[in-house]
Amino acid sequence: MADPQKPQTPKKGNDNLKLPTRADDFSEWYIQLVKRAKLADNSDVRGSMVIRPNGYAIWENMQQVLDGMFKDTGHQNAYFPVLIPESYLAKEKKHVADFAPQVAVVTHAGGKPLPEGERYVIRPTSETIINRSFTNWVQSYRDLPILINQWANVMRWEMRPRLFLRTTEFLWQEGHTCHATEAEATEETLRMLDVYERFAVDYMAMPVIKGQKTESEKFPGAVSTYSIEAMMQDKKALQAGTSHMLGQNFAKMFDTQYQSKEGTKEYVWQTSWGVSTRLIGALIMTHSDDAGLVVPPKLAPTQLVIIIIGKTPEERGPVREKAHALAAEAKKQGIRVLVDDDETKGPGFKYAEYELRGVCLRAELGPKDLAQNQAVLARRDNKAKETVSLDAVVSRAGQLLEEMQQALYDAAKQRMTDNTFEVNSVEELKTKDGFLLAHWDGTPETEKRFKDEFGLTTRNRPFDLTQEPGTCVLTGAPSPGRIVLAKAY
RNA sequence: CGGGGCGUAGCGCAGUCUGGUAGCGCGUCUGCCUUGGGCGCAGAAGGUCGUCGGUUCGAAUCCGGCCGCCCCGACCA
């Protein structure tokens with residue numbers, strides 16, 4: 001009955017099971033990966049996303065580690081309102097000028113329009129409203145330092161949102177501190193930058209460049225801003241965390257003063273620092289591959305999945321029993337483990353699915369294995385498979401997780417090293433791709449030219465780079481030292 | 001806000017040029033079958049074709065308005 005005029009039935013749908021490749025279209029690969037790995041969905045609210053359990057679990061793991069680090073450095077959590085009186089924002093001139101365009105304002109409430117002057121903004125960041133409280137909390141030098149952290153959502157009306165990297169509403173932590181002296185505040189600013197670096201390196205397996213932002217890139221209202229910058233697989237830079245030395249700018253606007261030992265009134269010195277759910281985007285773009293998500297074991301929601309293979313109940317029964325015994329043992333060793341006993345899907349499907357979702361290790365356990373007292377372990381990052389005797393599975397899994405954590409860092413570090421260049425000519429600015437260490441004359445004009453003519457932005461002035469004077473790569477004017485230039489997210 | 005593209009089943013799309021009352025793949029559901037790399041067979045459910053109006057005997061299809069989304073740019077710690 002087939003009608004020869006009719007177009008052939010389209011090919012089997014296996015193609016759309018695969019992700020676009022990174023080489024073909026990095027950006028499309030990223031978007032598809034986020035959705036297919038069930039990390040997040042777009043929502044009907046433009047620019048806002050739904051974070052799904054698989055994505056939120058990564059965030060929870062990040063929160064847990066970071067929160068511990070904050071507590072270890074003496075910080076306490078608190079919570080401040082999501083709505084900020086519009087007038088607060090306006091107190092710091094630079095702050096309001098830079099944030100106003102991306103702020104959402106509550107103009108109606110209780111069924112009525114709010115009069116001018118009684119409106120609220122949805123927090124884009126909380127320096128102002130927190131300072132309002134600090135003013136009440138600080139009386140004496142004995143009250144200092146105040147070391148506060150807040151886990152919260154914030155909203156910035158971004159014009160070009162991108163899942164995890166730049167969403168209208170996002171989750172973050174913001175630390176806010178008050179100190180008696182400038183030196184203490186500076187120390188705190190750098191201490192927290194170090195915490196971020198340590199988190200990036202030790203947990204995210206993501207090397208970063210730590211350094212100071214330029215004048216034009218610093219936080220509105222800050223005296224100086226520092227960042228950690230990471231390199232994604234497409235060689236673009238992603239700002240992964242920032243720490244700000246606020247000086248006394250907000251203190252003066254909110255009259256946050258203390259009485260010193262000598263009896264004088266002094267303004268407090270402040271800092272603020274934050275990382276956000278953007279880190280999940282960084283994680284994805286640092287480690288994942290064309291088969292899907294790859295997550296460093298320390299942050300992975302599931303570190304080991306045990307897949308039960310077998311056709312008949314007679315075959316599956318003993319396998320299932322052994323699988324659950326192994327899982328219990330693994331759990332005891334602190335491994336986040338899952339047993340997949342779903343009989344409606346074949347093993348091949350499951351392999352692909354767990355690779356897509358970023359489970360670090362897969363144990364295949366079937367009747368043949370059981371007969372030989374063994375299991376197959378497969379590592380997500382390099383796809384290596386090995387046969388392990390059953391009594392060694394859990395300890396071997398633990399080892400492999402550690403090796404994988406290290407291997408991911410090494411690979412990312414290698415990539416960053418291979419794509420970081422000293423550049424000394426306009427020609428090199430055009431041809432080199434990655435982190436470009438270049439002399440810059442320090443003017444905003446030249447900074448703008450980097451952007452307009454080469455698509456490059458200043459990332460930061462790295463701490464661990466010996467700063468020797470030279471001449472600006474664009475203008476030839478004197479330069480105090482090299483800065484990192486890169487295409488950025 | 002400028003330039004371009006697109007709204008048809010949960011998802012991805014065809015059908016629009018040339019008007020005749022909607023189709024394919026994936027997914028979902030049921031049953032059987034299968035399970036060591038995205039199984040197979042059979043059956044089923046699911047759509048006011050973005051929206052409002054116009055032309056017409058008849059509109060997913062032609063015309064106009066509106067709405068929404070995506071990409072590029074402007075913007076973005």
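Within the stretch A:72-90, how many residues are away from RNA strand B (no atom under 16 Å from the Cβ) and open to solvent by 50 Å² or more (accessible area, probe 1.4 Å)? Talk me through it step by step, then tell me what you get.
Applying the first criterion (away from RNA strand B (no atom under 16 Å from the Cβ)) to the stretch A:72-90 yields A:72-79, A:81, A:83, A:85-87, A:90.
Okay, now just the ones that are also open to solvent by 50 Å² or more (accessible area, probe 1.4 Å), so A:72, A:76-77, A:79, A:81, A:83, A:86-87, A:90.
Counting residues in the stretch A:72-90 that are away from RNA strand B (no atom under 16 Å from the Cβ) and open to solvent by 50 Å² or more (accessible area, probe 1.4 Å) gives 9.
Could you tell me whether any residue of the stretch A:408-421 is assigned to a loop (DSSP other than H, G, I, E, B) and away from RNA strand B (no atom under 15 Å from the Cβ)?
Looking only at the stretch A:408-421, we keep the residues that are assigned to a loop (DSSP other than H, G, I, E, B), and these are A:419.
From the residues that got through so far, the ones that are away from RNA strand B (no atom under 15 Å from the Cβ) too are A:419.
There is at least one residue in the stretch A:408-421 that is assigned to a loop (DSSP other than H, G, I, E, B) and away from RNA strand B (no atom under 15 Å from the Cβ).
Under 8 Å by Cβ, and 6 or more places apart or on different chains, what pairs join a residue from the stretch A:332-351 that is more than 13 Å from A:Ile307 (Cα to Cα) with one that is assigned to a strand (DSSP E or B) and within 16 Å of RNA strand B (Cβ to nearest atom)?
From residues that are more than 13 Å from A:Ile307 (Cα to Cα), the pairs are A:Ile335/A:Leu304; A:Arg336/A:Leu304.
For every residue, the table says whether it meets (1) assigned to a strand (DSSP E or B); (2) within 28 Å of A:Val268 (Cβ to Cβ); (3) hydroxyl-bearing (Ser, Thr, Tyr).
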| site | (1), (2), (3) |
| --- | --- |
| A:Phe99 | no, yes, no |
| A:Thr125 | no, yes, yes |
| A:Asn136 | no, yes, no |
| A:Asn149 | yes, yes, no |
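Is the stretch A:451-460 home to any residue that is in contact (Cβ under 8 Å) with a residue 24 or more places away in the chain and open to solvent by 80 Å² or more (accessible area, probe 1.4 Å)? I'd like the intermediate steps shown before the answer.
Pass one, the stretch A:451-460, residues in contact (Cβ under 8 Å) with a residue 24 or more places away in the chain: A:454-460.
Now drop any that are not open to solvent by 80 Å² or more (accessible area, probe 1.4 Å), which leaves none.
No: zero hits.
For (1) modelled with pLDDT of 95 or more; (2) surrounded by fewer than 13 Cβ atoms within 10 Å (Cβ to Cβ), each residue gets a yes or a no:
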site: A:Asp44; (1), (2): no, yes
site: A:Ile51; (1), (2): no, no
site: A:Asn54; (1), (2): no, no
site: A:Phe70; (1), (2): yes, no
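One line per residue, one yes/no per condition, for (1) farther than 23 Å from A:Thr256 by Cα; (2) at pLDDT 95 or above; (3) buried (at least 20 other Cβ atoms within 10 Å of the Cβ):
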{"site": "A:Lys112", "(1), (2), (3)": "yes, no, no"}
{"site": "A:Ser133", "(1), (2), (3)": "no, yes, no"}
{"site": "A:Asp143", "(1), (2), (3)": "no, yes, no"}
{"site": "A:Ile148", "(1), (2), (3)": "no, yes, yes"}
{"site": "A:Phe170", "(1), (2), (3)": "yes, no, yes"}
{"site": "A:Thr189", "(1), (2), (3)": "no, yes, yes"}
{"site": "A:Ala205", "(1), (2), (3)": "yes, yes, yes"}
{"site": "A:Val208", "(1), (2), (3)": "yes, yes, yes"}
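Restricting attention to the stretch A:367-398, which residues are basic (Lys, Arg), open to solvent by 50 Å² or more (accessible area, probe 1.4 Å) and either assigned to a strand (DSSP E or B) or within 10 Å of RNA strand B (Cβ to nearest atom) (or both)? Break it down stepwise before answering.
Going through the stretch A:367-398, the residues basic (Lys, Arg) turn out to be A:368, A:379-380, A:383, A:385, A:396.
Adding the requirement that they be open to solvent by 50 Å² or more (accessible area, probe 1.4 Å) leaves A:368, A:383, A:385, A:396.
Once the filter is applied, which keeps residues that are basic (Lys, Arg), open to solvent by 50 Å² or more (accessible area, probe 1.4 Å) and either assigned to a strand (DSSP E or B) or within 10 Å of RNA strand B (Cβ to nearest atom) (or both), the stretch A:367-398 yields A:Lys368, A:Lys383, A:Lys385.
If I filter the stretch A:211-241 down to residues being more than 15 Å from the chain's Cα centre (by Cα) and assigned to a strand (DSSP E or B), which single residue comes out as surrounded by the most Cβ atoms within 10 Å (Cβ to Cβ)?
Within the stretch A:211-241, the subset more than 15 Å from the chain's Cα centre (by Cα) is A:211-226, A:234-235.
Still in the list and also assigned to a strand (DSSP E or B): A:211-212, A:224-226.
Details: A:Gly211: 20, A:Gln212: 18, A:Ser224: 16, A:Thr225: 23, A:Tyr226: 26.
Among those residues, the one meeting the criterion is A:Tyr226.
Output yes when any residue across the stretch A:286-308 is over 24 Å from the mean Cα position of the chain (by Cα), of a type in the set (Lys, Arg) and open to solvent by 50 Å² or more (accessible area, probe 1.4 Å), and no when none is. Quick ask: steps written out before the conclusion?
Taking the stretch A:286-308 as the starting set, the residues that turn out to be over 24 Å from the mean Cα position of the chain (by Cα) are A:305-308.
After this cut, where a residue has to be of a type in the set (Lys, Arg) as well, the list is none.
Checked against the condition, which is being over 24 Å from the mean Cα position of the chain (by Cα), of a type in the set (Lys, Arg) and open to solvent by 50 Å² or more (accessible area, probe 1.4 Å), the stretch A:286-308 yields no hits at all.
The values are calculated or read from the model by the stated rules, or taken from the named source; none is laboratory data. As the structure is a computational prediction, the values presented were derived from the model and not from experiment. Every residue, glycine as well, gets a Cβ built from its backbone with ideal geometry; the counts of neighbours run over all protein chains shown. The area values use the complete protein model at the heavy-atom level, side chains included, leaving out ligands, DNA and RNA. Shrake-Rupley method; radii C 1.70, N 1.55, O 1.52, S 1.80 Å.
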